Amino acid sequence: MFRNQYDTDVTTWSPAGRLFQVEYAMEAVKQGSAAIGLRSKTHVVLACVNKAQSELSSHQRKIFKVDDHIGVAIAGLTADGRVLSRYMRSECINYSFTYESPLPVGRLVVQLADKAQVCTQRSWKRPYGVGLLVAGLDESGAHLYYNCPSGNYFEYQAFAIGSRSQAAKTYLERRFESFNDSSRDELVKDALIAVRETLQGETLKSSICTVAVVGINEDGTNEPFHILDQDAVQKLIDAFEIVKEPATEAPAAAEPEGADGAGASDAAQDPPAPAAADEGAAPMEI
């Protein structure tokens, strides 16, 4: 992916005002497997797709716990993500030791963005090739941030990064207005649906996805950041599929009504009715 003589150094500007090495780092985020984040008033849910290098190897971890109130999901170079998550842990520990209170999420995100920005301004460094979705809970409520390799950061209601994340973004854009008042289980369900959208026909199983949650329980106690075990995730996936089954059967149930209504017409018009029902059912099954 060679463009011109301006992409050999991270500190070299092109005549169009672009830093190609930074853009290449942002492209590395798009090559990683998908990571998704959703936020409500009380909870933040992170979900990601686990992809192994081969059938003989295990998958790389993509969700890391930073503190009891903060966690991250990554897309891109997992080694860079591991280093940055360790840096975030150190910052949380230092702040907690100094001030005896948890580090605010926004302040940690700014420090992480400053660390990423330094790598875009030093010729002997390279940008981090990883994007981070930072989920956290502090005195001001639940937060979801995205940290970019360029040093920019943004707060989102819901967001998806990684390969084939556009399909998940499309689903989240249709649903995000309801996320603010969603319960914990509803957020997890929406996260799993968004993960399924990135699989392109592959069956969604707990073995190929990871889900983590942080938030405030109904009784007012904090739910620390933790990764849900595979059995709990699989039960939620099974429940989600049961909910979708009646929708696929609805067109079939409507067939007799269409057939009865068409009884007065010629018999030659009867066969197209089931065909139309089949055509309507196919996209819902996919």
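Details
- Region 72-216 - Rg (one decimal) and Dmax (whole number), Cα, Å: 16.3, 50
- Listed by chain and number, the lysines whose C-alpha is less than 18 Å from the C-alpha of Lys169, apart from same-chain residues fewer than 8 away, are Lys30, Lys189.
- Dipole moment magnitude, nearest 20 debye, region 20-274 about Cα centre, only Lys, Arg, Asp, Glu C-beta charged: 1740
- Region 170-242 - accessible surface per residue (Å², probe 1.4 Å): 55
- Each principal axis of the Cα cloud of region 20-274 was evaluated for its coordinate range; sorted largest first, these ranges are 82, 48, 36 Å.
- One Cα centroid belongs to region 70-88, the other to region 1-33; the line between them spans 21 Å.
- Accessible area (Å², per residue) of region 45-151, counting only protein heavy atoms and a probe of 1.4 Å: 47
- Fully extending the segment from Ala16 to Arg174, taken as 0.36 nm per residue of separation minus the present Cα-Cα distance, adds 53.3 nm.
- Note on region 1-127: Cα-Cα pairs beyond 26 Å make up 36% of the total pair count.
- Dimensions (Å) - region 156-224, Cα atoms, principal axes, largest first: 39, 28, 17
- Karplus-derived 3J(HN,Hα) values for region 195-211, using 6.51 cos²θ - 1.76 cosθ + 1.60 with θ = phi - 60°, are 4, 4, 5, 8, 8, 6, x, 6, 5, 7, 10, 5, 6, 10, 9, 10, 10 Hz; glycine and proline are entered as x.
- Sorting Ser40, Ser178 by solvent-accessible area of protein heavy atoms yields Ser178, Ser40, largest first, with a 1.4 Å probe.
- Shown here for region 113-213: GluC sites (Glu not before Pro) in loop regions (DSSP other than H, G, I, E, B) with at most 16 other Cβ atoms within 10 Å, namely Glu139, Glu202.
- Coordinate range of the alpha-carbon atoms in region 72-129 per principal axis, descending: 37, 23, 16 Å.
- Percentage relative contact order, region 72-222, counting C-alpha pairs under 8 Å, at least six apart: 19
- FRET efficiency, 1/(1 + (r/R0)^6) with R0 25 Å, evaluated for Tyr87 and Glu27 via beta carbons: 0.60
The values are calculated or read from the model by the stated rules, or taken from the named source; none is laboratory data. Since the model is a prediction, treat every value here as computed from it, not as a measurement. A quick note on method: Cβ atoms are made from the backbone with ideal geometry, for glycine too, and the neighbour counts reach across all protein chains shown. The area values use the complete protein model at the heavy-atom level, side chains included, leaving out ligands, DNA and RNA. Shrake-Rupley method; radii C 1.70, N 1.55, O 1.52, S 1.80 Å.
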